[in-house]
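Encoded as C-alpha cells, the structure appears first; notes follow it.
The values are calculated or read from the model by the stated rules, or taken from the named source; none is laboratory data. All of these numbers come straight from a predicted model, not from anything done at the bench. Cβ placement follows ideal geometry from the backbone for every residue including glycine, while neighbour counts extend to all protein chains displayed.
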Amino acid sequence: MDYSSVVLVSLIFQVLGTFITEWDEGKANCDILLSTKESARMYAERLTELAVHLGFDGWLINMEVELDPAQIPNLKEFVDHLSLTMHFSMPGSLVIWYDSVTIDGKLNWQDQLNEYNKPFFDICDGIFVNYTWKEDYPRLSAAVAGDRKFDVYMGIDVFGRNTFGGGQWNANVALDVLRKNDVSAAIFAPGWVYETKQPPDFETAQNSWWGLVEKSWGALRNYKGPLPLYSNFDQGRGYHISVDGNNVSDATWCNISCQGFQPLLELADPRNPIQVSIDLKEASYSGGGNITFKGSLEEQTHFERKIFQGEFLLSELPIHFIYSVKSNGNSSLGLKLVFTSNDVENFSVLLTSQVENHISSKFNKVITAHEHKGSSPVWVINESAITMNGYTLTEIHAVCFRSNSSLSDCKDCTVTSPSDYYALLGHLTIKNSDSKSDFPVCSSWLVDGKYIKWTSGSDGSKTLNVKISWTLKDGNNYLSLKYNIYLVKLLKQAGAGATLEPTKEEYLGVAQVNCFYVSDLEVPSDTSSLKFIIQVCSVDGTIQALDESPYYELEVESP
C-alpha cells in the first residue's frame, strides 16, 4: 500500500503486483490454478478484484515452473481472462508476461521475444524479457513485436548478474542499446545502490546512478494531473517532522506513504554559485523535506533552477500560487513561471514579494506576491495569483537573488559573508481557487476505537493498544491527503472537585487511510482520560484546526 500511495501522489507511474509461482510449491499451485478453464478464469477474476481493492495498476505474471503441455491452453486462458477483466475493471491497467515458461511448458528463459513466448505476449499488454540477453536480441525482439515493439521490456539486472553491459554503474550501456533499437526497458533491483552502500553516501550515489538513466533516456516528470498540485518535497523519510512550519517530532522516521510529488532537480554542479538539494537535516515546513539553496551570490545577480515541468492549460479564471520560504538575511527566493501559447514560445513571469530592479528586467512580467507569517515565526508564506487565458504553464523555476530588505528573521542562521546565500523552499501549492478548504465539521464524523487492550505497570502506569477508525456519518468519502494524529492527556488534579488539566497536544503519527493503530502507548498513573485528535489534511496542503478536528476520547481503565 505504501507504493500505491506514492504513485497516487505522483500521477506519473503505475504499480503492478507480482504473481509468481516457483519451485515445488509453485508447481503444486499451478496444478490447482490450471486444472480447468473455469479454475483459470476464477483465479484471474480474484486477482482483478485484489488489484482493484489494493490500488494496483495491473499484474506481472511470472510462471517460473515446468508445466505439462496439456496445461498451456488453461494458462493462456488465465492470462487472456486476466487481461480482459483488468482492462474492464480498471481502464489503463497492464498485464505483463515474464519471459520464463514457454508455450511448450518448459522453464526456458528466451532472453528475447520469439515464437516460444509470443503467444503469451499476444494476449496481454507486454513482456518483461529476462535480463541475460545479447546485444542483437533487442533488434530481433522489435522485429517480432512489429508495431508493439514498445511493449517489449528488456530486463536489466542492476546487480550485473549476467546482464548485458554489466549493470551497476554501467547500466546505461544496456539502456543505450535498447533506446537505439526502439524497445522498452525493465530495470530490475535499482535498490543495488542502497543495498551495497555505494560511496560516498546514499543521496549522492542514488542521484548519480539515476543520472545515468536520465542521460541515456531522459526524464519523464511532466505533471499532467489536475489541480491542485501540492508538494512539500517529502521523500518519505527524515530526521524530524513539521506541521505548518512547527516542528512536532525530532525522531528519525521512514514512511514511504508520506512521499510527496518530487521536484525536478539536476545533479549538483560544483561550478554553480548556489547548490540545490533536498536536505533532510534542514528545517521543514511540512513533513520532513524541503528544497535547500545554499551558496554565494553577489549583488545585482540572480540564480535559477527548474523545479517542475508540466502542462497546465489556463482559462479566464486565475490560478493561485502559495509557497513558504525560510531565508537568511537578505537572501530572497521567488518563482519563475514559464508559459507558452500558439503565438508565444516562452513568456516568463516572476512571482516575488521582494521586487528588485536588477532582475525585474529579466522577465516579461513581475507579480508582487503577498507575504505574511504563518503559525511559525521563521517561515514566510507567499501568495499570488495570475490569469493567462489560453496559455499553458510548462515550467516552474526557483529564483535566488539578494534583496535590499527581507521579512526573514532566521534565528538559527548565521551570515558569515555579505555574499552568503541561504534559503529553504518549504512547500508549493497551485490551485484554481483562493478559497480555503471546506473541511467537514467535527460532528459529521463517526470516530470509534476497537481492540482496546490495557496493560498495568508496577508503578500504577498503564500501556494501551487501540485501533482508531473514522468515517463520515453520511457515508461519503472526503478527499484528503492524510490525517495527522495527536494525543491530549487529561490529568487528575489533587483535591476534591478539582478539574482535569489537559496536556499539550502530542504528535503521534500520520495515517493515509481512515484508521490508525496505537501500540504500547505509555499512560502515566495520573492520567484520567485520553483524547485522540484526527487532524484532516486537504489535498492542497491546508490542515484543519486542531480544536475543530474530529476526536476520540477514551477513559483510562480503573485498577
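Listing for the model above:
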{"quantity": "Pick from segment 185-224, criterion among the β-branched types (Val, Ile, Thr) and not in a loop (DSSP other than H, G, I, E, B), ranking: surrounded by the fewest Cβ atoms within 10 Å (Cβ to Cβ)", "calculated": "Thr204"}
{"quantity": "Entirely in segment 20-137, the helices (runs of 4 or more DSSP H) that have 1 or more residues that are under 27 Å from Asn172 (Cα atoms)", "calculated": "118-121"}
{"quantity": "Residue match in segment 172-181 (condition: touching a residue at least 60 places away in the same chain (Cβ under 8 Å) and within 24 Å of Val152 (Cβ to Cβ))", "calculated": "no"}
{"quantity": "Any hit, segment 252-269, residues being under 23 Å from Trp379 (Cβ atoms), surrounded by fewer than 20 Cβ atoms within 10 Å (Cβ to Cβ) and of a type in the set (Phe, Trp, Tyr)", "calculated": "yes"}
{"quantity": "Test result for Glu298, surrounded by fewer than 16 Cβ atoms within 10 Å (Cβ to Cβ) and either out of contact with any Asp or Glu (no Cβ under 9 Å at 6 or more places or on another chain) or assigned to a strand (DSSP E or B) (or both)", "calculated": "yes"}
{"quantity": "Segment 57-66, residues that are buried (at least 24 other Cβ atoms within 10 Å of the Cβ) and either farther than 28 Å from Gly105 by Cα or not aliphatic (A, V, I, L, M) (or both)", "calculated": "Gly58, Trp59"}
{"quantity": "Which numbered condition Ser348 fails, given (1) under 24 Å from Pro226 (Cα atoms); (2) of a type outside the set (Val, Ile, Thr); (3) over 27 Å from the mean Cα position of the chain (by Cα); (4) part of a loop (DSSP other than H, G, I, E, B)", "calculated": "(4)"}
{"quantity": "Answer residue from segment 23-43, given it is closer than 25 Å to Pro91 by Cα and touching an Asp or Glu at 6+ places or on another chain (Cβ under 8 Å) and is surrounded by the fewest Cβ atoms within 10 Å (Cβ to Cβ) among those", "calculated": "Lys37"}
{"quantity": "Enumeration of residues in segment 103-150 that are of a type in the set (Ser, Thr, Tyr) and either under 18 Å from Ile187 (Cβ atoms) or buried (at least 21 other Cβ atoms within 10 Å of the Cβ) (or both)", "calculated": "Tyr131, Thr132, Tyr137, Ser141"}
{"quantity": "Where a residue in segment 120-132 is in the same structural domain as Met86 (by TED's automatic domain parsing) and its partner, wherever it lies, is among the hydroxyl-bearing types (Ser, Thr, Tyr) and in a loop (DSSP other than H, G, I, E, B), with Cβ under 8 Å and at least six apart", "calculated": "Asn130/Ser100; Tyr131/Thr163; Thr132/Thr163"}
{"quantity": "Top-ranked residue of segment 225-235 - restricted to ones that are modelled with pLDDT under 95 and assigned to a loop (DSSP other than H, G, I, E, B), ranked as nearest to Leu425 (Cα to Cα)", "calculated": "Gln235"}
{"quantity": "Selection status of Leu67, modelled with pLDDT of 95 or more, over 24 Å from the mean Cα position of the chain (by Cα) and closer than 28 Å to Ala511 by Cα", "calculated": "no"}
{"quantity": "Answer from Glu356, Glu371, Glu282 - the residue that is charged (D, E, K, R), at pLDDT below 90 and surrounded by 15 or more Cβ atoms within 10 Å (Cβ to Cβ)", "calculated": "Glu356"}
{"quantity": "Meets criteria (in a strand (DSSP E or B), among the acidic types (Asp, Glu) and touching a His at 6+ places or on another chain (Cβ under 7 Å)) for Glu304", "calculated": "yes"}
